[in-house]
Amino acid sequence: MKWYVLMAFLWSVSVNAGQVMVRDASESFDAFAVRAELMRQHEWQEQLRNQQQLQILQVLPLGCLQLTTPYVHFHCGASWYRPYSYQGQQIYIAIPSPSR
């Protein structure tokens with residue numbers, strides 16, 4: 001008797017399948033094109049998110065202080081940057097505030 005209750009409970013649990021599209025059956029529809037478009041939108045959102053997380057400067061703003069502990073980094077107002085050499089150029093990548 002107990003396993004019937006467990007099976008009924010598991011059967012009644014709802015599942016979220018993601019985005020659901022309802023359309024008129026008379027309209028032409030290409031499911032693969034919709035899937036490809038959703039994938040492109042997702043990739044674009046990921047690229048924007050990554051770009052926002054990674055801030056790269058070629059030149060530091062005026063008034064930055066160079067600090068050497070725990071490693072060489074620069075404090076510019078409310079931002080912190082660490083120098084990196086990339087293709088023979090010095091660039092600066094935003095970092096979280098280093099603990100002292």
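The values are calculated or read from the model by the stated rules, or taken from the named source; none is laboratory data. None of the values given here were measured: they were computed from a predicted structure. Neighbour counts run over all protein chains shown; Cβ positions are idealised from the backbone, glycine included.
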Can you pull out the residues in segment 87-100 that are exposed (fewer than 11 other Cβ atoms within 10 Å of the Cβ) and out of contact with any Ser or Thr (no Cβ under 7 Å at 6 or more places or on another chain)? 87, 88, 89, 96, 97, 99
When both residues are 6+ apart or on different chains and their Cβ atoms are under 7 Å apart, which pairs have a first residue that lies in segment 75-92 and is more than 20 Å from residue 62 (Cβ to Cβ), and a second that is surrounded by 11 or more Cβ atoms within 10 Å (Cβ to Cβ) and among the β-branched types (Val, Ile, Thr)? 84/91; 84/93
Only one of 99, 14, 26, 85 is modelled with pLDDT of 85 or more and small (Gly, Ala, Ser); which? 85
Being of a type outside the set (A, V, I, L, M), over 16 Å from residue 97 (Cβ atoms), modelled with pLDDT of 85 or more and loosely packed, with under 10 Cβ neighbours inside 10 Å is the filter here; which residues of segment 41-82 pass it? 58, 63
Pairs needed: first member in segment 37-55, farther than 26 Å from residue 80 by Cα; second member anywhere, at pLDDT 75 or above and surrounded by fewer than 10 Cβ atoms within 10 Å (Cβ to Cβ); C-beta distance under 7 Å; at least 6 residues apart or different chains. none
Residues of segment 29-40 being at pLDDT 75 or above and not acidic (Asp, Glu), which ones? 31, 32, 33, 34, 35, 36, 38, 39, 40
